[in-house]
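S.K.: This is the structure I have questions about; it appears just below.
The values are calculated or read from the model by the stated rules, or taken from the named source; none is laboratory data. Given the structure is predicted, the values throughout are model-derived calculations rather than measurements. With ideal geometry, Cβ positions are generated from the backbone for all residues, glycine too; neighbour counts draw on all protein chains shown.
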Amino acid sequence: MSYVPPPASAAPGSIPNYLAWSIIATVLATCLCCPLGLVGIVAIVFANKVNTLLNQGDIAGAQRASANAKTWCWVATALAIIGLLINIVMFATGGAESYMQMMQQYQS
């Protein structure tokens, strides 16, 4: 009889899942930028897959899901930063009020 070792498994948490980052980045990107911020949902899905794959013993799959989650977190974070900068510029230049005044001048 030969001994077959159990599949190697990593402890949950040993591979980062980026779930908190993905949720925060998605909310901020959606609020500050536009509906494009919802691409962060992709990060949430991949982050959720990390622990599922770890529990199944698929370490390579968990690492891929972690890397994908991190990439999409950066995308959502970049959209949040862009949205924040756009909002700062809008408020610094008068925002919607100056836009409405400009539109009224064109109409008259």
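S.K.: Counting only residues that are of a type in the set (Phe, Trp, Tyr) and over 14 Å from the mean Cα position of the chain (by Cα), which one in the range 62-101 is surrounded by the fewest Cβ atoms within 10 Å (Cβ to Cβ)? Spell out the reasoning first.
M.R.: Pass one, the range 62-101, residues of a type in the set (Phe, Trp, Tyr): 72, 74, 91, 99.
Filter again for over 14 Å from the mean Cα position of the chain (by Cα), leaving 91, 99.
Numbers: Phe91: 10, Tyr99: 12.
It comes out as Phe91.
S.K.: Got a number for residues in the range 37-61 being touching a residue at least 40 places away in the same chain (Cβ under 8 Å), surrounded by fewer than 18 Cβ atoms within 10 Å (Cβ to Cβ) and over 28 Å from Val89 (Cα atoms)?
M.R.: So the first thing to find is which residues in the range 37-61 are touching a residue at least 40 places away in the same chain (Cβ under 8 Å), and the list is 37, 39, 54-55, 57, 59.
In the following step, the residues that additionally are surrounded by fewer than 18 Cβ atoms within 10 Å (Cβ to Cβ) were identified as 39, 55, 57, 59.
Adding the requirement that they be over 28 Å from Val89 (Cα atoms) leaves 55, 57, 59.
Adding up the residues that qualify gives 3.
S.K.: Could I ask something else about it? With the checklist (1) at pLDDT 90 or above; (2) surrounded by 13 or more Cβ atoms within 10 Å (Cβ to Cβ); (3) among the hydrophobic types (A, V, I, L, M, F, W, C) in hand, flag the one item Cys34 doesn't pass.
M.R.: Going through (1) at pLDDT 90 or above; (2) surrounded by 13 or more Cβ atoms within 10 Å (Cβ to Cβ); (3) among the hydrophobic types (A, V, I, L, M, F, W, C) one by one, Cys34 breaks only (1).
S.K.: Sticking with this structure for a sec: Would you tally the residues in the range 45-79 being under 18 Å from Ser14 (Cα atoms) and of a type in the set (A, V, I, L, M, F, W, C)? Write out each step before concluding.
M.R.: We begin by selecting, within the range 45-79, every residue under 18 Å from Ser14 (Cα atoms); these are 46-70.
Then keep just the ones that are of a type in the set (A, V, I, L, M, F, W, C); that gives 46-47, 50, 53-54, 59-60, 62, 65, 67, 69.
Residues flagged as under 18 Å from Ser14 (Cα atoms) and of a type in the set (A, V, I, L, M, F, W, C) within the range 45-79 amount to 11.
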